[in-house]
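Readers should treat all values here as calculations from the given coordinates under stated rules, not as data from a laboratory. Every value quoted in this text rests on a predicted model; they were computed, and no experiment measured them. In this analysis, Cβ positions are derived from the backbone assuming ideal geometry, glycine residues included, and neighbour counts consider all displayed protein chains.
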Amino acid sequence: MSRYTIKKPLVGFLPMLNNFGETYPLVEVAKNCKKLGMDIIFFESYNPQYTNLVKDLGCKIIKIRDPPPEEYVKDIERLEESLGSDNLSFERACSELVDDKYKEVIINDVQKELEIFKDTKIDILVSSGFEFTAHISTSLLDIPLVTLISGAVSQAYFKSNLGEFPDNYENLLTKLIPKYIKNRFTNWYIPKDKSNIKSYNKISKNFSAPIKKSFLELFYGNYTLIVDDKEFVGVKNLDDSNSERWVGPILPPKLDGMYTDKLEKDIGKYIGIPGKSILLSMGSSTTKNLFIKILKKLDSTPYNVIAIYTNILTEEERSKLKLHDNIILKKFVSSIKNINEKVDLAIIHGGRGTVYTAAYSGKPVIGIPMHFEQQCNLNNLTRHGTGFVLSKKYFTGKKLVATINNIFNNYEEFLKNSKQLKNKLPEPKGAKNAAKIISNIIDNDKKIKRTIYNE
């Protein structure tokens, strides 16, 4: 007697493997998809520094893009340094470099995606919000695209008038304009902004794929999952819809056994040294120059500093730094959250995961955003009275030290606010919630055909 079985759905994941904060949420969602009975496959793009996060899943990892020309990489690196961001796909989609010199590079990327997505027969693709070429390839193959994004780039964020004028756009003229006017303009303009989609739409038209009407649309898939908590962000009275579903935060996993360092065991003793302690954690998206500038200024203070340099510094660059004993440098640690909970203050960039780690740790913060999304993420945090946001564009060591001293001189107030926020935050179930929604999409999206085969 024949028995018929429905094939397990195959879920493809396309993270930015050069960025920890854009990789680990997809990995955590993939873990939960496996638990719900789905098969998973990961696609590896440029500069895959965090592939180790994927390998423990025991799934296929397929290289999806050829290495770009060396000249292109150097041009992009110079652009990233000037913008203070490592969001490679962002620059690839929006930069004038695409128009002037490298259109064929991006066209080749889309063609490779089309070939591999078709060959692997994925039923659905889950991507970080910055892999913009995936919009073109999935639309041509009629594959549903799910994106994971921050609330800071959602329509709801600006409808709630939460956006603030981008720090990177400030100049001597804009500083004369009252803040409330600049913020009102920001919340009106950004959802309508078309200035950064010109290059993307040129590539899209080349394939006769749908074009985008605004910059925010670049972050939206057929289904968009927002890995933020509504109350933390401050969004009010907006219902979830098929296009915008708030699933909740996803915290970075503990990396025990993945990255080890002989200094790891000394951190507890180091924090126990008399005096205030500071964690410097700028993820993988800060600029080298800014990180070194912060380090050197902290080196002149009496505070004990644990600085996590990830891929910001090479080992050679680290060895050349001449710092006092009040600073301990580490490439990776097993759990940033554990350290964040033990120090007195954290200096962070505005990556979504870093911001939530600080929030769940219940300690004051100083944030230095690298770009607009990070600025919004940090505002979401400091709006609760947990610390301050400093400008990257107008950063000085003097301002940093003055802000540190301000917090430590009024420490009980900032600590109280930080603990109150921690106690209000929900249990972080973003990965579980996202996996359940993906399962529901697979069951209900008419584009996905569930294959029945004879056993």
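Say R0 is 35 Å: what FRET efficiency, to the nearest 0.05, do Leu141 and Phe408 get from their beta-carbon distance?
Numbers: r = 55 Å, r/R0 = 1.58.
The computed FRET efficiency comes out at 0.05.
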For the chain, find the longest principal axis of its Cα atoms and tell me its angle to the long axis of helix 70-83, 0 to 90°, nearest 10.
-> 50
Centre separation in Å (Cα based) which lies between segment 358-402 and segment 164-198 = 19
Rounded to the nearest 10 degrees, the helix 397-409 long axis (Cα) sits at an angle to the longest Cα principal axis of the chain of 80
How much length is gained if the chain between Lys8 and Ser195 is pulled fully straight, taking 0.36 nm per residue apart and subtracting their Cα-Cα distance, in nm to one decimal?
-> 63.1 nm
Between the Cα axis of helix 103-120 and the main Cα principal axis of the chain, the angle (0 to 90°, nearest 10) is 60
What does the helix-only formula give at 222 nm for the chain: each DSSP H stretch with n ≥ 4 adding -39500 (n - 2.57), the total divided by the residues, and the result rounded to the nearest 500 deg cm²/dmol?
-> -12500 deg cm²/dmol
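What's the exposure ranking of Glu373, Glu164, going from fewest to most Cβ atoms within 10 Å? Could the numbers behind the result be given before it?
Numbers: Glu373 24, Glu164 16.
Fewest to most other Cβ atoms nearby, the residues stand as Glu164, Glu373.
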Mean Cβ neighbour count within 10 Å, used as a protection proxy, ranking 419-430, 218-229 highest first = 218-229, 419-430
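Show me 317-325, 340-348 ranked by packing, highest mean number of other Cβ atoms within 10 Å first.
Details: 317-325: 11.6, 340-348: 22.7.
Highest-to-lowest ranking by the protection proxy: 340-348, 317-325.
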Could you list the residues of segment 352-394 with an amide nitrogen less than 18 Å from a label point located 7 Å from the Cα of Lys175 in the Cα-to-C-beta direction?
-> 369, 389-394
